[in-house]
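Below: one structure, written as C-alpha cells.
All of the numbers you see were taken from the coordinates with simple rules; none came from a lab. Because the structure is predicted, anything quoted here is derived from the model rather than measured. When we count neighbours, we look across all protein chains shown, and the Cβ atoms used for this are built from the backbone with ideal geometry, even at glycine.
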Amino acid sequence: MKYNKDIERVIAQIAEVAGYLWQRGWAERNGGNISYNITEWADRRLLKLKPIAPETPLERPVEHLSGNLFVVTGTGRRMRYVASAPMENASLIRISDGGSSYAIVAEKAIAPTSELPSHLLMHNYLRGRGIPNRVVVHTHPTELIAMSHNPEFLPKDVLGRLLWSMIPETRAFCPKGVGIAPYTLPGSLALADATVGLLDDYQVVIWEKHGALAVGEDIIEAFDMIDTLSKSAQIYLAARSMGFTPTGMTDTQMNELKEAFDL
Ligand code: 2HA
Ligand code: ZN
C-alpha cells in the first residue's frame, strides 16, 4: 500500500525502534509490541479503507479513539523482522465509530499484538485526558525485569528512586520515574487496567517479572526513556557484580539536579 510522507516516516521510525529493541536483547522471539496512532496524518482514502476481516469487538470500548487509525505490530511477529519489513509484520487497524470494535484495514490480515487491550486502553485513557499521546512501546529489558523480581523494589517509587540515583541523566530524562504493575497474566484486561491506573503519575510502567512500557508523542522519546532506565539498571548490576552495592546519588545531589533542570 502507498502511504503519504508523514506515515512513511512513522513506519520508518517503528522499524528503527524495533531494530533497537532487537539489538538491545530485549526482544527474544516475539517479545514486545508497538502501537502508533497515525490518525492525524491519515488522508480520506486511508480513513475509508475497507476492512479485510470482520470487525473484532473490544471487551472494553475505547470511546476516545473513535475512528482512529493505528499501526500495531502483529501477534507472534518478531521485532527483528518488524525492523527489516515493518508492514509485513504490523497491522493497520481502524477503531469503529463509537470505539466498540476494530477492523484490520491493511492489505494483509495480520492480527494485532496479544497486548492490544493494554495498548488501546492506554491510548484511550491518555487521549481522554487531553494528552496528545501517539505511541505505546512494550519490550522486555533484561536488567529492569530482573530488578522487578526483588520484592524490596516494588513499593511505590522505590525502584524509580534507585534508578534515578544511578546516573543524573535518568532523573533528567525520566522525571516521573517508573510505576510498577503487579504481575498479571500477559494480554489480560486486568493487566491493562493496572497499567492505565499508573498513567496519571508515570510515563514508564514496569510489568513485574515481565517487561516495560513507555508512552509518548514520539516513539524515539518513548524508546529513550526505557533505554535510560535500563542504563541505570545496568549500572546497578555492574556494581553488584563487582561485589558492592552502589551508593547512589544522595538526596541532596538529586534535589540539586531537580532544581537545576526544573524537573
Ligand atoms: O508480544 O511481549 O507481552 C509478546 C509479548 C507479550
Ligand atoms: Zn511482553
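Observations, loosely collected:
- Degrees separating the helix 251-260 axis from the principal Cα axis of the chain, which is the longest one: 50 degrees
- Net lengthening on full extension, Asp201/Arg80 (0.36 nm per residue, minus Cα-Cα): 40.4 nm
- Qualifying aspartates and glutamates (Cα of each under 18 Å from Cα of Lys50; at least 8 residues distant if same chain): Asp97, Glu107
- In order along the range 142-156, the Karplus-derived 3J(HN,Hα) couplings, from 6.51 cos²θ - 1.76 cosθ + 1.60 at θ = phi - 60°, round to 3, 5, 5, 5, 4, 5, 6, 7, 9, x, 5, 8, 7, x, 3 Hz, and Gly and Pro are given as x.
- Gyration tensor (alpha-carbon) shape descriptor, the range 1-50, a/c threshold 1.5: prolate
- Theoretical FRET efficiency, 1/(1+(r/R0)^6), r = Cβ-Cβ of Phe244 and Ala190, R0 45 Å, to 0.05: 0.70
- Estimated 222 nm signal from helices in the chain, with DSSP H stretches of n ≥ 4 weighted -39500 (n - 2.57), rounded to 500: -11500 deg cm²/dmol
- Relative contact order, whole percent, for the range 109-263 stands at 31, derived from Cα pairs under 8 Å and 6 or more residues apart.
- Nearest-ten-degree value, helix 116-128 long axis tilted from longest Cα axis of the chain: 90 degrees
- In this structure, the pairs whose alpha-carbon distance is over 22 Å, taken from Lys5/Lys48; Lys108/Lys209; Lys176/Lys231; Lys48/Lys108, are Lys108/Lys209.
- In terms of its C-alpha gyration tensor, the range 126-180 comes out prolate, because a/c is 1.5 or above and the ratio a/b outweighs b/c.
- Relative contact order [Cα under 8 Å, 6+ residues apart], the range 197-263, whole percent: 14 percent
- Principal-axis tilt of helix 219-241 within the chain, Cα atoms, nearest 10 degrees: 30 degrees
- A straight chain from Asp157 to Arg9 at 0.36 nm per residue would run longer than the Cα-Cα distance by 49.7 nm.
- Radius of gyration and maximum dimension Dmax of the chain, Cα, Å: 18.7, 60
- Here the relative contact order of the chain, from alpha carbon pairs under 8 Å that lie six or more residues apart, stands at 19 percent.
- Cα gyration tensor, the range 67-164 - rounded (a/c under 1.5), prolate or oblate: oblate
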